[in-house]
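To keep things clear, I will list the structure first and then write my remarks on it.
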Amino acid sequence: MADALQEMAVFSKVVAAGSLSAAARELGLSPALVSRRLAALESRLGVRLINRTTRSLNLTVEGTRYYDACTRVLADIAEADAEVSAGRVQAQGVLKVALPASFGHQHVAPLMPRFAGLYPKVQLALSLSDRAVDVMAEGFDVGVCIAELDDSSLAARRLAPNRRVACASPAYLAAHGAPRTPEDLSKHNCLITRDFTSNWDYKGPDGRPGSVRVRGRYACDNWEVLREWALAGMGIALKSTWDVYRQLADGSLVALLPRYTFHSDVAIYAVYPHRRLLAAKTRVFIEFLAQSFGPEPYWDRPAGRPKPRIRARAAA
C-alpha cells in the first residue's frame, strides 16, 4: 500500500509539473527514479497513463481518470494528516459551487460577503445556471438543487423546504376573479413551464392529496420570467415562496387558496460526491447555507423575526 501511494504521488506530481525533470526537482528525487516509479505504476495497473515524448507529456483517457482519482485520494490523506496534527483543518482553497440561476442570485450571492469574512482563505467560484448540472462529472465541489432527490451517487444535505403558493396580480384577479378551490384553476389562464398544460398537486384542509390539470396560453422554462408575467397580470403562477416573498409582502402579488398547500417532496438541497472525509471548504459552506436558511427560511418567516446569527465553525 505504501508503494502504491508513493507511485500515485509521483504520477500526480508529474502531471501537475508537466515533466519528469520538474517533478523530480519538486520531489527531491532523481529523474531516473521518477521514471521507474511511473513505469512501475503503469505496469501494476496494466494500462498506459501518459504518452511521453522527449518534449511533451500527454495523459491518456485512462490517465485522466486515474489522475482525478489520485487527486481526491491524496487530498483526503493530506487533510487527514493535517486534522490529526493540527487538531482542526482550516477551510481554504478553491470551492466550485453550482447553483440554480434565480435562487443563487437572490439568496446565495448576497450571503457571500459574510461567508468571505468568516472564511477568508476560501476562493469561491459560483456557477449560476438553470440547466441540469452533473456535479461529479463537471468537477463541482457542491451543488445546490431544488428537486426531489433520487440520485444515490451523491450525498445530500437538506437546506430548506421549498414551499409553493399559487399567486396572481391584483389586476388579474380584478379582471378574472379569484379561484375558490384548486379545481377552479382549470378555468383560469395559468402560467406554466412547458407544453401549455400541467398537473398542480395540492393538499386540502383535511390533508387529503389532490391534483388539478391546469392550462394556459403562456409557457416558459425560466422561473423569473413566470414571476414577471404574473406581476404583469398575464395569469396565475405556482411559485416557490423564496422567489415571490417580496412581492407577496408588498401586495404586487396575492397568495390564493390559503386553505390549500401546494407542497411536495421537492426541497432545497446541497449535493456533493460521496466521500468519507469531506473537504473543510465544502463542509463549512454547506453548514453556512444550512444555518442561513434552515427549516423555517427567512423568506417564510413573519416580518420582524430576526435572522439567525452565523459564526465560523471548526472544520473538524
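The values are calculated or read from the model by the stated rules, or taken from the named source; none is laboratory data. Note that the coordinates shown come from a computational prediction; the quantities given were computed from them, not determined experimentally. Cβ placement follows ideal geometry from the backbone for every residue including glycine, while neighbour counts extend to all protein chains displayed. All accessible areas refer to the heavy atoms of the entire protein, side chains included, with ligands and DNA or RNA removed. Shrake-Rupley method; radii C 1.70, N 1.55, O 1.52, S 1.80 Å.
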### Query
Hey, does region 269-280 have a residue that's of a type in the set (A, V, I, L, M, F, W, C) and in contact with a strand residue (DSSP E or B) (Cβ under 6 Å, 6 or more places away or on another chain)?
yes
#### Entry: Leading residue by the ranking (least open to solvent (accessible area, probe 1.4 Å)) among those in region 124-142 that are in contact with a Lys or Arg (Cβ under 9 Å, 6 or more places away or on another chain) and not charged (D, E, K, R)
Val142
### Query
Right, Arg217: closer than 21 Å to Ala171 by Cα, open to solvent by 60 Å² or more (accessible area, probe 1.4 Å) and out of contact with any Gly (no Cβ under 7 Å at 6 or more places or on another chain) or not?
yes
### Task
Check Leu185, Leu191 and return the single one that is farther than 26 Å from Ser292 by Cα, in contact with a Gly (Cβ under 9 Å, 6 or more places away or on another chain) and either assigned to a strand (DSSP E or B) or open to solvent by less than 30 Å² (accessible area, probe 1.4 Å) (or both).
Leu191
#### Entry: Looking only at region 199-237, and only at residues there that are assigned to a loop (DSSP other than H, G, I, E, B) and touching a Pro at 6+ places or on another chain (Cβ under 9 Å), the one that is nearest to His176 (Cα to Cα)
Gly233
### Message
Here's a check for you: in region 155-177, which residue that is touching a Phe, Trp or Tyr at 6+ places or on another chain (Cβ under 9 Å) and in a loop (DSSP other than H, G, I, E, B) is farthest from Thr261 (Cα to Cα)?
### Response
Asn162
### Query
Inside region 155-181, can you point out the residues that are open to solvent by less than 60 Å² (accessible area, probe 1.4 Å) and more than 14 Å from Val254 (Cβ to Cβ)?
Ala155, Ala156, Leu159, Ala160, Pro161, Asn162, Thr181
### Elements of type helices (runs of 4 or more DSSP H) in region 12-98, at least 2 residues being modelled with pLDDT of 90 or more and among the β-branched types (Val, Ile, Thr)
61-86
